[in-house]
Amino acid sequence: MKKVASKSELNPGNGKVIIVEGRPIALFNLGGEFVALDNRCPHRGGSLGEGEIKDDIVICPWHGWEFNCNTGKAVENDDVIVKTYPVENRDDEIFIKID
Ligand code: FES
């Protein structure tokens, strides 16, 4: 597991792009629960970490595709999946497992 952020860096309902081992990852705070997925939108490569969050859905800032942040699945098409990463909270720190 890699430490990637402090909880206090990211308010509920917000996301950010972090680079872990050279890989851009979108990290989101969903009402206190942190989730991580590949930052690259499978449509045309939009930056999901800069997308708007609605409940547990992120909306790609480029063309509006929507993804469930917990499963990585596109809302309109279960076959389109963004890779998700296990996240652990330890005290104030956020850790991500990259394989
Ligand atoms: S690049 Fe994400 S919706 Fe087009």
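Can you tell me how many residues in region 81-93 are within 13 Å of the chain's Cα centre (by Cα), outside any strand (DSSP E or B) and away from the ligand (no atom under 16 Å from the Cβ)?
Going through region 81-93 one residue at a time, the tally reaches 1.
For S8, work out the one condition from (1) touching a residue at least 24 places away in the same chain (Cβ under 8 Å); (2) out of contact with any helix residue (DSSP H, G or I) (no Cβ under 7 Å at 6 or more places or on another chain); (3) assigned to a strand (DSSP E or B) it doesn't fulfil.
(3)
Regarding G13, is this residue in a loop (DSSP other than H, G, I, E, B) and surrounded by 13 or more Cβ atoms within 10 Å (Cβ to Cβ)? First the steps, then the outcome.
On the way: in a loop (DSSP other than H, G, I, E, B): yes; surrounded by 13 or more Cβ atoms within 10 Å (Cβ to Cβ): yes.
Taking the combined requirement at face value, the residue satisfies it.
Given the criterion small (G, A, S), touching a Phe, Trp or Tyr at 6+ places or on another chain (Cβ under 8 Å) and over 17 Å from F95 (Cβ atoms), identify the matching residue among G46, G64, G22.
On the way: G64 fails: touching a Phe, Trp or Tyr at 6+ places or on another chain (Cβ under 8 Å); G22 fails: touching a Phe, Trp or Tyr at 6+ places or on another chain (Cβ under 8 Å).
On inspection, the qualifying residue turns out to be G46.
Take region 21-42 and flag every residue that is surrounded by fewer than 18 Cβ atoms within 10 Å (Cβ to Cβ) and more than 16 Å from the ligand (Cβ to nearest atom).
Of everything in region 21-42, those that are surrounded by fewer than 18 Cβ atoms within 10 Å (Cβ to Cβ) and more than 16 Å from the ligand (Cβ to nearest atom) turn out to be E21, G22, R23, G31, G32, E33.
Residues checked against (1) over 15 Å from N68 (Cβ atoms); (2) modelled with pLDDT of 95 or more:
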| position | (1), (2) |
| --- | --- |
| E9 | yes, no |
| N14 | yes, yes |
| E21 | yes, no |
| F28 | no, yes |
| G31 | no, no |
| V35 | no, yes |
| C41 | no, yes |
| E50 | yes, yes |
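Residue-by-condition table, conditions (1) without any contact (Cβ under 8 Å) to a residue 40 or more places away in the chain; (2) touching an Asp or Glu at 6+ places or on another chain (Cβ under 7 Å); (3) assigned to a strand (DSSP E or B):
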| residue | (1), (2), (3) |
| --- | --- |
| G49 | yes, no, no |
| I53 | no, no, yes |
| F67 | yes, no, yes |
| D79 | yes, no, no |
| D99 | yes, no, no |
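For residues that are surrounded by fewer than 18 Cβ atoms within 10 Å (Cβ to Cβ), near the ligand (Cβ under 8 Å from one of its atoms) and not aromatic (F, W, Y), tally how many sit in region 43-76.
Selection size over region 43-76: 6.
The values are calculated or read from the model by the stated rules, or taken from the named source; none is laboratory data. What you see is a predicted model; the values in this text were computed from it and never measured. Here the Cβ is made from the backbone with ideal geometry for all residues, glycine too, and neighbour counts use every protein chain on show.
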